[in-house]
Amino acid sequence: MLHAQFRAMYSTPWMSDIVVGTMRWGIWDAKFTTAQYEAMIDKAMSLGMSTFDHADIYGNHTTEAEFGAALKLHPEWRSQIELVTKCGIIHVCDQKPAHYTKAYDFTKAHILQSAEDSLRNLQTDYLDVMLLHRPDLLMDPDEVAEAFELLYSSGKVRSFGVSNFTPSQIKLLQSTVPVGVHQLEISVKDVSAFDDGRLDQCTLDGIVPMAWSPLGGGNLPEGVASVLGSLASEFGVTPQAIALAWLLQHPAGILPVIGTTKAENLEAAQTALNIKLDRQQWYTIYQAATGIRLP
């Protein structure tokens, strides 16, 4: 049963149309200095990209703290941005010597501790959105609700959601708490969310869909690359902008999470907001992505 404290609290958060992903900013890839974190945050904000996507495990549990060090130097930024983070993965790394195998943990204790760690690392007193990162098959929805209630009532987390869940897993969690966000993989390389019920559920239940890896990690199939390239020439933009515009046009309100380490890629992504594909253009991309002609 939906817990009483949440009956009147359905918090669908406001986020920027394009979300900036931080997964590659730290030791997993770019190894940004504090000055580089500052520059990327500032650039994103100047483009209207105010939402930043984190996870506790990024950079082997170091990227949040590096971002937080930059944020501390600009306290005025906090009220101008939205911080999203994820929890629930037991990640094996040197920074967590007690972790000896990959696992998932949605216990009340783990969720609460993860929130406290993220708040401390990001040097903030609240998180705009906290997501359960990957489904925990041992999840007790009542226990999750207890954790969320404590975090919400204390003002430490304003909205909650999930990542990489199936519709039935979301429905189970919705029996005790509202789900405001679902971050899932959607791109021209993975279109399964369009017809497996996940985006339908987002539309029906007012859940904000965030698309991770919205460009499919590059190296697109030749047919897809050709279609995107042709449309890019027609619109005078990059193929990547066309791929993002294709997602943005879906009525579920998909928010792409751009995982770039280069400021110029943020600029290119912003151009997607001004592209309007017609139905035939949209379905040309869809058919190239699926490799199947429409019946």
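Each value in this text was obtained by applying a stated rule to the coordinates, not by laboratory testing. Worth saying up front: this structure is predicted, and the values here are computed from it rather than measured. Note that we place each Cβ from the backbone using ideal geometry, even for glycine, and neighbour counts take in every protein chain shown.
Within the set (1) 54, 23, 17; (2) 46, 19, 15; (3) 31, 24, 17, the number that semi-axes √(5λ) of the Cα gyration tensor in Å takes when calculated for this structure is listed as (3).
Local charge sum around V257 (other residues, Cβ-Cβ under 14 Å, Lys/Arg +1, Asp/Glu -1)?
Details: positive: R24, K86; negative: D17, D53, E82, E185, D190.
Local net charge: -3.
Check every DSSP H run in the chain and write down those whose alpha carbon atoms cover 30 angstrom or more along the long axis and whose mean Kyte-Doolittle hydropathy is 1.0 or greater.
Values: long enough: none.
Taking the DSSP H segments of the chain (at least 30 Å long, mean hydropathy at least 1.0), we get none.
Residue separation times 0.36 nm, minus the C-alpha to C-alpha distance between L294 and A103: what's the value? Mind showing how you got there, number by number?
Numbers: separation 191, 0.36 × 191 = 68.76 nm, distance 4.03 nm.
Full extension of this stretch gives 64.7 nm more.
Which percent of Cα pairs goes in each bin when the distances of the range 205-284 are cut into 10 angstrom slices starting at zero? Taking every Cα pair in the range 205-284, the percentages come to 18, 53, 27, 3.
Which trypsin sites (Lys or Arg not before Pro) does the range 52-145 hold that lie in a coil by DSSP with at most 14 other beta carbons within 10 Å?
Working: sites: K72, R78, K86, K102, K108, R120; in loops: K102.
Sites meeting the loop and neighbour criteria: K102.
Per-residue 3J(HN,Hα) values for the range 178-183, derived from phi via the Karplus relation 6.51 cos²θ - 1.76 cosθ + 1.60 with θ = phi - 60°, read x, 10, x, 9, 10, 9 Hz in sequence order (x marks Gly and Pro). Couplings 3J(HN,Hα) of the range 21-30, computed from phi: x, 10, 4, 9, 6, x, 6, 6, 7, 6 Hz, in residue order, whole Hz [Karplus 6.51 cos²θ - 1.76 cosθ + 1.60, θ = phi - 60°; x for Gly and Pro].
Give me the distance between the Cα centres of the range 9-70 and the range 203-240, rounded to whole Å. Going from one Cα centre to the other spans 22 Å.
Looking only at the chain, where both bridge partners belong to it, what percent of the DSSP beta bridges are antiparallel (to the nearest 5)? All intermediate terms of the calculation are to be shown ahead of the outcome.
Working: 4 of 29 bridges.
Bridges in the chain that DSSP calls antiparallel: roughly 15 percent.
Full extension of the chain between S46 and Q280 yields a length gain of 80.9 nm, computed as 0.36 nm times the residue separation minus the alpha carbon distance.
Each Lys and Arg Cβ is given +1 and each Asp and Glu Cβ -1; about its Cα centre, the chain then shows a dipole of about 220 debye.
Evaluated over the range 13-179, the count of Lys pairs having alpha-carbon atoms less than 28 Å apart is 23 (only pairs 8 or more residues apart or interchain). Proximity of backbone amide H atoms, modeled 1.01 Å from N, is registered between I90 and A103, Y104, D105 at under 5 Å, excluding neighbours fewer than 5 places apart on the same chain. Close amide H contacts of S163 (hydrogens built in the peptide plane, cut-off under 5 Å, sequence separation of 5 or more or a different chain): L132, Q183.
Give a residue-ordered list of calculated ³J(HN,Hα) values for the range 124-130 (Karplus: 6.51 cos²θ - 1.76 cosθ + 1.60, θ = phi - 60°; whole Hz; x for Gly, Pro). After applying 6.51 cos²θ - 1.76 cosθ + 1.60, I find 9, 9, 7, 10, 6, 9, 10 Hz.
Taking amide H as placed 1.01 Å from N in the peptide plane, L127 has its amide H under 5 Å from the amide H of V157, R158, each at least 5 places away in sequence or on another chain.
With an 8 Å Cα cut-off and a minimum separation of 6 or more residues, compute the relative contact order for the chain in percent. It would help to have the intermediate numbers written out before the result.
Working: 535 pairs, mean separation 54.1, N = 295.
Across the chain, relative contact order equals 18 percent.
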